[in-house]
Amino acid sequence: MGESFNSIVDVLTGAVFFKVPLLGVEIELIVLYLAVPMLFFTLWLGFPNIRYVPHAFRVLRNQPREGEAKGDVSQFAALTTALAGTIGLGNIAGVAVALTMGGPGAIFWMFAIGWFAMTVKMAEVTLGLKYRVTDAQGHVHGGPMYVLRTVLTRKGLPRLGLALGGFYAFFALFGAIPMVQVNQSFAQVKEVTGLDNGWAYGIGLACAVALVTLGGAHWLGEVSKRLTPLKVAVYLAGVAAILILHAGEVPEALARIWHGAWSGEAAMGGAVGAFVAGMRRAVFASEAGVGSAVMAHSLARTEEPVSEGMVALLEPLLGTMIVCALGGLALVVAGTWDDTGLKGIQITSAAFGQVSSWFPWLLAIVVVLFAYSTLVAWGFYGLQAWGYLFGHGPKAQWSYKVLYIVLLPPAAVIDLGRVIDIIDSSFFLMAIPNVIALFLCASELRRDVGDYWRRKGGRQIPLAM
């Protein structure tokens, strides 16, 4: 049975990550598919990843209070919920995987791609807020599936809209089972405690997730806005300790990252290998182009879709450009990324262990916090996809919540390589219809952003193309 499962995963991964020749090397077609909208919308919308960041913080300082606008949670709670799903073990184990795949140069590409990802995040969230729907109980729901259904129906293609929306929701159900979080958090707990019963750990974590998942969007928002800042602060404190310990090696590490981005130490083939590794992990870390975080932002209490899109700019900035970049730099100066006997979270644990013997315990706490908050957020994402396919009634919601919780424990005992292949494949398959929606709405996006900016005292965005 295990061999059959592995064969299925291999076929899926081979299809999703089909390679095409480019400039004498082979590059995954899906990587190019996601790189194009990042570059296009950065130009099309007039470099919002530079111009609108200060405004995003102003929006959070002056967000509507309860009763002043449509939505279930505050804009800050929506952002932290999205960050709970975005800043997970993809920012810890994922950085280690990127280094293993592409060498230090992959960290540069993660940082650079994170900057371009800010624009795509803004675009997809703006559309998600614009086309969100309200159910019979007055709760809002949104996501790329609703955008596709509405926009294509308006263009006279309702069946295509339903099909593409259904395609997105179907693969979101698989992508919304964050097996990496369970798998790698158990690996670190096992490393420091000696616990070798993955099923026991998985069941315990699933029960903890159930406490919030069964409580609904309000509980999710409350937990996220408290837990997300805490987990990031603790992790960055550990990273800072590593960088301080190796302060003299930081300039050399930065030089290796820079040169590796262009010449490369990647097993996959030089600079292109570093770029591909950075691209895959940056997408996993930021979710830009995948559209998943749209489902969290759609809960935001606002009547201005563009304002929430600008708030969403902060996700890749915080999650990829700061957390991932600093974490990657710490692993490079520590040198543990090049140890062939380590993989995934073990690379990060070894780096933390250089500071103090108890630092891997600190990492274990961080990992569990990261995993827990991500699992809670993605449980909500999956619920939105399930609701699109089967309705948002009480029976449909409870059936998904139970199914989601039951599927978490097995992830603790699945091989890491297979876990990453499944998640990567699901993520990139979700991106296919989401990117289609972005290009279908490119003109109205620029018009809406320009109108919002003029009304809020900014100047009209220039026609960059």
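What residue, among those in segment 353-377 that are aromatic (F, W, Y) and under 30 Å from A210 (Cβ atoms), is surrounded by the fewest Cβ atoms within 10 Å (Cβ to Cβ)? Out of the qualifying residues, it is W361. Contact annotation: residue pairs with Cβ atoms under 9 Å, 6 or more positions apart or on different chains, pairing a residue in segment 231-245 that is closer than 17 Å to A371 by Cβ with a partner that is not in a helix (DSSP H, G or I), are K231/I87; V232/I87; Y235/I87; Y235/I92; G238/V355. V140 passes every criterion in (1) of a type in the set (A, V, I, L, M); (2) touching a strand residue (DSSP E or B) at 6+ places or on another chain (Cβ under 6 Å); (3) open to solvent by 40 Å² or more (accessible area, probe 1.4 Å) apart from (3).
Evaluated against (1) in contact with a strand residue (DSSP E or B) (Cβ under 9 Å, 6 or more places away or on another chain); (2) of a type outside the set (V, I, T); (3) more than 21 Å from I436 (Cβ to Cβ), R132 falls short on exactly one condition, (3).
Conditions (1) at pLDDT below 80; (2) farther than 16 Å from G309 by Cβ; (3) among the β-branched types (V, I, T), marked per residue:
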position: Y33; (1), (2), (3): no, yes, no
position: G46; (1), (2), (3): no, no, no
position: N49; (1), (2), (3): no, no, no
position: H55; (1), (2), (3): no, no, no
position: Q75; (1), (2), (3): no, no, no
position: L79; (1), (2), (3): no, no, no
position: A82; (1), (2), (3): no, no, no
position: I92; (1), (2), (3): yes, yes, yes
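Among the residues of segment 191-208, are any surrounded by 24 or more Cβ atoms within 10 Å (Cβ to Cβ) and more than 22 Å from K401 (Cα to Cα)? There is no residue in segment 191-208 that is surrounded by 24 or more Cβ atoms within 10 Å (Cβ to Cβ) and more than 22 Å from K401 (Cα to Cα).
If we scan segment 455-464, do we find a residue that is modelled with pLDDT under 85 and surrounded by 15 or more Cβ atoms within 10 Å (Cβ to Cβ)? Scanning segment 455-464 turns up at least one residue that is modelled with pLDDT under 85 and surrounded by 15 or more Cβ atoms within 10 Å (Cβ to Cβ).
Does at least one position in segment 334-349 carry a residue that is touching a strand residue (DSSP E or B) at 6+ places or on another chain (Cβ under 9 Å) and closer than 25 Å to P409 by Cβ?
Looking for residues that are touching a strand residue (DSSP E or B) at 6+ places or on another chain (Cβ under 9 Å) and closer than 25 Å to P409 by Cβ, one finds none in segment 334-349, hence no.
Note on segment 56-79: residues that are of a type outside the set (D, E) and either part of a helix (DSSP H, G or I) or open to solvent by 80 Å² or more (accessible area, probe 1.4 Å) (or both) total 14.
Does at least one position in segment 397-413 carry a residue that is under 13 Å from L205 (Cβ atoms), open to solvent by 50 Å² or more (accessible area, probe 1.4 Å) and at pLDDT below 85?
yes
The number of residues in segment 330-352 being of a type in the set (A, V, I, L, M) and either without any contact (Cβ under 8 Å) to a residue 12 or more places away in the chain or open to solvent by 20 Å² or more (accessible area, probe 1.4 Å) (or both) comes to 2. Cβ-Cβ distances below 7 Å connect the following pairs, each with a first residue in segment 103-126 that is modelled with pLDDT of 90 or more, a second residue that is open to solvent by 10 Å² or more (accessible area, probe 1.4 Å) and among the charged types (D, E, K, R), and a separation of six or more residues or different chains: T126/D448. Taken together, A112, A93, A117, A82 contain a single residue that is within 30 Å of A274 (Cα to Cα) and open to solvent by 10 Å² or more (accessible area, probe 1.4 Å), which is A112.
The values are calculated or read from the model by the stated rules, or taken from the named source; none is laboratory data. Everything numeric in this text was worked out from a predicted model, so none of it was measured. Every residue, glycine as well, gets a Cβ built from its backbone with ideal geometry; the counts of neighbours run over all protein chains shown. Ligands, DNA and RNA are excluded from the accessible area calculation, which covers all protein heavy atoms including side chains. Shrake-Rupley method; radii C 1.70, N 1.55, O 1.52, S 1.80 Å.
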